[in-house]
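Written below as structure tokens is the structure these notes are about.
The values are calculated or read from the model by the stated rules, or taken from the named source; none is laboratory data. This one's a predicted model, so the numbers in the text were calculated from it and none came from an experiment. Cβ placement follows ideal geometry from the backbone for every residue including glycine, while neighbour counts extend to all protein chains displayed.
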Amino acid sequence: MELTNFEDRSKVGSNTGAGFQFEFFCANCSHRWKSPFRPYRRGQFTGLLYKFAYMFAGTGRYVRMSSALSDTGEKGARAAALREALALAESRYFECRDCRKTVCEDCWDDRASRCSACLGEGRKHAADGGGDRGNGHAASQRYAAPEEAAIAGPTCPNCQSALGGGRFCPECGFDMASTHKSCPGCGTMCARSTRFCAECGHGF
């Protein structure tokens, strides 16, 4: 992964302070980091010549030549400086696999390989009940069952079918006077109030 979260702060051209530097930033917070300043000697030398150009006669031609050499090498020197800066920044910035944002060390969870923002959203989702998304039917039964039961009336403890009265269930024939019920999954007899079979885990 090649980082793109940077701004070029270089000073180039015929400048006594010519050099290359890049400022990296985090997509989640205000944290910024600058790469070490790398002087560009050709540009600095040309800048010095410009300062003395008008002090000595006949130096103009040499200044122009130096400036041309400086411009020629500037592109390659900048590329080399950027490679060094990126190598240093890669240990400080990471790309989140969820949101694809590049974040700093403070906003990164190395174990989860995610940024703190995405990790926080995941935790919030789980706390809000997102964990039941894959088991939506069970969740809806858990919350809707009491209301539905109140509307539909009594149900058979063995097959959950609605009862219209009488001792036996019209669907499965369960004896309503019985204190036990059989598991439809494995046939084991369970107490009438049991919600799950102790042998196979089937839910009544």
Handout entry: Single match in C183, C172, C200 (criterion: surrounded by 15 or more Cβ atoms within 10 Å (Cβ to Cβ) and either without any contact (Cβ under 8 Å) to a residue 12 or more places away in the chain or under 53 Å from the mean Cα position of the chain (by Cα) (or both))
Key = C183
Problem - Residue in the stretch 120-131 that is modelled with pLDDT of 80 or more and out of contact with any helix residue (DSSP H, G or I) (no Cβ under 6 Å at 6 or more places or on another chain) present - result: yes
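Please work out which residue is surrounded by the fewest Cβ atoms within 10 Å (Cβ to Cβ), limiting yourself to the stretch 12-54 and to residues that are among the small types (G, A, S) and at pLDDT 80 or above. Break it down stepwise before answering.
Within the stretch 12-54, the subset among the small types (G, A, S) is 13-14, 17-19, 27, 30, 35, 43, 47, 53.
Still in the list and also at pLDDT 80 or above: 18-19, 27, 30, 35.
Values: A18: 22, G19: 19, A27: 17, S30: 7, S35: 20.
The selected residue is S30.
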Exercise for the section: Test each condition in (1) at pLDDT 90 or above; (2) at positive phi for S113 and report the one that comes out false. Expected result: (1)
Fill in the blank from the handout: By residue number, the members of the stretch 156-170 that are out of contact with any Phe, Trp or Tyr (no Cβ under 9 Å at 6 or more places or on another chain) and either modelled with pLDDT under 80 or over 18 Å from C190 (Cβ atoms) (or both) are A162, L163, G164, G165, G166, R167, P170
Handout entry: Members of the stretch 100-123 found to be touching a residue at least 60 places away in the same chain (Cβ under 8 Å) and closer than 20 Å to E2 by Cβ, listed by number
Key = K101, T102, V103, C104, C107, C115
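Out of the residues in the stretch 75-103 that are under 22 Å from the mean Cα position of the chain (by Cα) and surrounded by fewer than 12 Cβ atoms within 10 Å (Cβ to Cβ), which is farthest from C115 (Cα to Cα)? Spell out how you get there, then give the answer.
Residues of the stretch 75-103 that are under 22 Å from the mean Cα position of the chain (by Cα), as a first pass: 86, 89-103.
If we keep only those that are surrounded by fewer than 12 Cβ atoms within 10 Å (Cβ to Cβ) as well, we get 91, 97, 100.
Working: S91: 15, R97: 8, R100: 9 Å.
Among those residues, the one meeting the criterion is S91.
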